[in-house]
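First the structure, in the form of structure tokens, and then the observations on it.
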Amino acid sequence: MEKIKSRNVKESLDSRDYGTKVNVKGWVRTKRGSKNVVFISLNDGSTIHNLQIVVDLEKINEQTLNNVTTGAAISVDGELVKSLGSGQAVEVNAITVDVLGTADPEEYPLQPKKHSLEFLREIAHLRFRTSTFGAIARVRHTMIFAIHKFFNDRGFYNIHTPIITAADAEGAGEMFRVSVLNPENPLRDESGSIDFKQDFFGRETNLTVSGQLEAELAALALSKVYTFGPTFRAENSNTSRHLSEFWMIEPEVAFSDINDNMDLAEDMLKYLVQYALDHCQDDLLFLNKRQQDEEKNKKMDQRSPMTLLEKLQFVLDNDFLRITYSEAIDILKNSKPNKKKKFSYLVEKWGVDLQSEHERYLVEKHFKKPVIISDYPKNIKAFYMKLNDDGKTVRAMDVLFPQIGEIIGGSQREESYEKLMQRIKECNISEKDIWWYIETRKFGTVPHSGYGFGFERFIQFLTGMGNIRDVIPFPRTPKNAEF
Ligand code: 4AD
Ligand code: MG
């Protein structure tokens, strides 16, 4: 017997050695037939495109043919031939077809028709098999790789920071507890409070909201580091841009100020968008078309002025506009939607936090380019940010993107021991939980900066998906931890 080479769908579609015998395996997307032949459209996740398998009805028995249904897994031995049909250069003339796993059409929920994203979320165990979720998974993977490449090429070291922690890095108290105490009957101390000394770690612990504090420790020795890890937030935000479990990239750089930090953020974002355009072409073309189809269902005034690909190009072509919080507030106060009371949160005075409607107004309507806002009031930002000389604002910087709003949040860090201690007291942070962080300001402290980059928000931007639940395989959100 002639040895038959295995080729995946992508390799098969890219090959031109017509006449070669190959074995291809995958899942059936569709089957359609005519009098003498059946056409099977096969996908194995290696590409957005399907491979057409042509089966002569004389070569396949009826039982096998009946089992070749949408969702079934098959293995095909056949010959690569030049396709006669339009739409593909190559197809496979089947010699034998084996069904590896059937999928009862009465039960298989993914039929070859358009399913709503809401429905697909309920079948997240199968949605990888759709074109949309296959494309997103490949883009996501390529971006993980590109992020490591970007930082590695620039001399950064990747640091694993703890997932279980006793510190609240953001001081917002939005943490998930990690405990092995019996919830029915936890051990209590003399005063009647839950005795966390008896808990697994001998203290209260939670899932981390950020790896920043530990990344700072590493940066103050290795100079340039970054984390790429899961972060957890128990905030009850049921929006299209919030997850309870998401992935964050946190670079931290010694001898670097807020302007260097902004430059790094802008360089990184542009590098990643360019990398996606260079390496995810087929998937982005598909997602671009998908987004254009979605736009057609929207009212005229709600349609995006740009296609997905135009939006990506737009990020590459524009310098990000840099303004201070105070300047942003002036613009927002005098903006049309504020005066006409169209914002849900009206901007009346300096000091208020910016909502995503304000961020999107600045980016999409006012400046029409990505915006970096800096120097926020200290009262709406975390304790670790460097205080400006005005005593009121801190060296924070947020990068705002169209459709998304805040995609990056970062700052120059407070390197002065005295000023940091004062902020820790003002913010009621427990000194004893972060004594090690404080000590770095006593031993060789230097100016340093960093930021947190929300991976899923970025994938949302790249893929044009409206809801963040659709760019992570298994989303965790309030009241939802299925799969
Ligand atoms: O602005 P955040 O809260 O900043 C920090 O955690 C800092 N410790 C980062 C640092 O300076 N090292 O979060 C950073 C980014 C946000 O800009 C956003 O993109 C993303 O993380 N993010 C979320 N993404 C999805 N779901 C959520 N609930 C998110 N919260 C923040
Ligand atoms: Mg933030």
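In the stretch 234-278, which residues are open to solvent by less than 30 Å² (accessible area, probe 1.4 Å), over 25 Å from VAL315 (Cα atoms) and more than 11 Å from ligand 1 (Cβ to nearest atom)?
Answer for the stretch 234-278, where residues must be open to solvent by less than 30 Å² (accessible area, probe 1.4 Å), over 25 Å from VAL315 (Cα atoms) and more than 11 Å from ligand 1 (Cβ to nearest atom): just ALA254.
In the list ASN480, ASN379, which residue meets the criterion of being surrounded by fewer than 21 Cβ atoms within 10 Å (Cβ to Cβ) and within 16 Å of ligand 2 (Cβ to nearest atom)?
The match here is ASN379.
Looking only at the stretch 326-365, which residues are acidic (Asp, Glu) and open to solvent by less than 40 Å² (accessible area, probe 1.4 Å)?
Once the filter is applied, which keeps residues that are acidic (Asp, Glu) and open to solvent by less than 40 Å² (accessible area, probe 1.4 Å), the stretch 326-365 yields only GLU359.
Here's the yes/no breakdown for (1) under 30 Å from GLN292 (Cα atoms); (2) among the aromatic types (Phe, Trp, Tyr); (3) touching a His at 6+ places or on another chain (Cβ under 6 Å); (4) open to solvent by less than 10 Å² (accessible area, probe 1.4 Å):
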| residue | (1), (2), (3), (4) |
| --- | --- |
| TRP436 | no, yes, no, no |
| GLU439 | no, no, no, no |
| LYS442 | no, no, no, no |
| VAL446 | no, no, no, no |
| GLY454 | yes, no, no, no |
| THR463 | yes, no, no, yes |
| PRO473 | yes, no, no, no |
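Taking the stretch 385-406, which residues are over 20 Å from SER326 (Cα atoms) and open to solvent by less than 10 Å² (accessible area, probe 1.4 Å)?
The one that is over 20 Å from SER326 (Cα atoms) and open to solvent by less than 10 Å² (accessible area, probe 1.4 Å): ILE404.
Can you find a residue in the stretch 45-56 that is surrounded by fewer than 17 Cβ atoms within 10 Å (Cβ to Cβ) and in contact with an Asp or Glu (Cβ under 8 Å, 6 or more places away or on another chain)?
no
Going by the conditions given, is ASP195 surrounded by fewer than 19 Cβ atoms within 10 Å (Cβ to Cβ) and modelled with pLDDT of 95 or more?
no
Which number in (1) closer than 14 Å to GLY405 by Cα; (2) in contact (Cβ under 8 Å) with a residue 12 or more places away in the chain marks the one condition that LYS368 misses?
Going through the list (1) closer than 14 Å to GLY405 by Cα; (2) in contact (Cβ under 8 Å) with a residue 12 or more places away in the chain, LYS368 breaks only (2).
Go through (1) of a type outside the set (Gly, Ala, Ser); (2) more than 12 Å from ligand 1 (Cβ to nearest atom); (3) touching a residue at least 60 places away in the same chain (Cβ under 8 Å); (4) in a strand (DSSP E or B) and name the single condition ASP375 misses.
All conditions pass for ASP375, except number (3).
Just to confirm my filter: which strands (runs of 3 or more DSSP E) fall fully inside the stretch 15-108 and include at least 1 residues that are at pLDDT 95 or above and within 25 Å of LEU284 (Cβ to Cβ)?
Ranges flagged: 21-33, 37-43, 51-56, 90-101.
For THR231, work out the one condition from (1) open to solvent by 20 Å² or more (accessible area, probe 1.4 Å); (2) within 16 Å of ligand 2 (Cβ to nearest atom); (3) polar (S, T, N, Q) it doesn't fulfil.
The single condition THR231 does not satisfy is (1).
Would you call GLY71 on the phi > 0 side of the Ramachandran plot and either more than 33 Å from the chain's Cα centre (by Cα) or open to solvent by less than 40 Å² (accessible area, probe 1.4 Å) (or both)?
Yes; evaluated as a whole, the condition is true for this residue.
Given THR161, THR142, which one is within 13 Å of ligand 1 (Cβ to nearest atom) and touching a helix residue (DSSP H, G or I) at 6+ places or on another chain (Cβ under 7 Å)?
THR161
I need every pair where a residue in the stretch 240-257 that is of a type in the set (Lys, Arg) has its Cβ under 6 Å from the Cβ of a residue that is near ligand 1 (Cβ under 8 Å from one of its atoms) and at pLDDT 95 or above, sequence separation at least 6 or different chains.
The qualifying pairs are ARG241/ILE468.
Looking at the stretch 378-392, which of its residues are assigned to a strand (DSSP E or B) and of a type in the set (Gly, Ala, Ser)?
none
Quick check on my filter: what residues within the stretch 132-174 are modelled with pLDDT of 95 or more, outside any helix (DSSP H, G or I) and not polar (S, T, N, Q)?
Answer for the stretch 132-174, where residues must be modelled with pLDDT of 95 or more, outside any helix (DSSP H, G or I) and not polar (S, T, N, Q): ARG154, GLY155, PHE156, TYR157, ILE159, HIS160, PRO162, ILE163, ILE164.
Pull up the stretch 148-186, narrow it to residues that are over 30 Å from TYR271 (Cβ atoms) and acidic (Asp, Glu), then point me to the one that is least open to solvent (accessible area, probe 1.4 Å).
Filtering first and then ranking leaves ASP168.
Condition check: open to solvent by 50 Å² or more (accessible area, probe 1.4 Å) and not aliphatic (A, V, I, L, M). Does TYR417 satisfy that?
In short, yes.
How do the pairs read when you match residues in the stretch 141-155 that are in contact (Cβ under 8 Å) with a residue 60 or more places away in the chain with residues anywhere that are open to solvent by less than 60 Å² (accessible area, probe 1.4 Å), using Cβ under 6 Å and keeping only pairs 6 or more apart or on different chains?
THR142/CYS280; ALA146/LEU272; ALA146/TYR275; ILE147/ILE249; PHE150/MET268; PHE150/TYR271; PHE151/TYR226
Go through (1) without any contact (Cβ under 8 Å) to a residue 12 or more places away in the chain; (2) within 12 Å of ligand 1 (Cβ to nearest atom) one by one and return the number of the condition PHE383 breaks.
(1)
Given the options GLU359, GLU418, GLU414, name the one that is of a type outside the set (A, V, I, L, M, F, W, C) and either on the phi > 0 side of the Ramachandran plot or within 16 Å of ligand 2 (Cβ to nearest atom) (or both).
GLU359
Residues of the stretch 281-335 being farther than 19 Å from GLU359 by Cβ and among the hydroxyl-bearing types (Ser, Thr, Tyr), which ones?
The answer is THR307, and nothing else.
The values are calculated or read from the model by the stated rules, or taken from the named source; none is laboratory data. As the structure is a prediction and not an experimental result, all values here were calculated from the model. With ideal geometry, Cβ positions are generated from the backbone for all residues, glycine too; neighbour counts draw on all protein chains shown. Just so you know, the surface numbers come from the protein's heavy atoms only, side chains and all, with ligands and any DNA or RNA stripped out. Shrake-Rupley method; radii C 1.70, N 1.55, O 1.52, S 1.80 Å.
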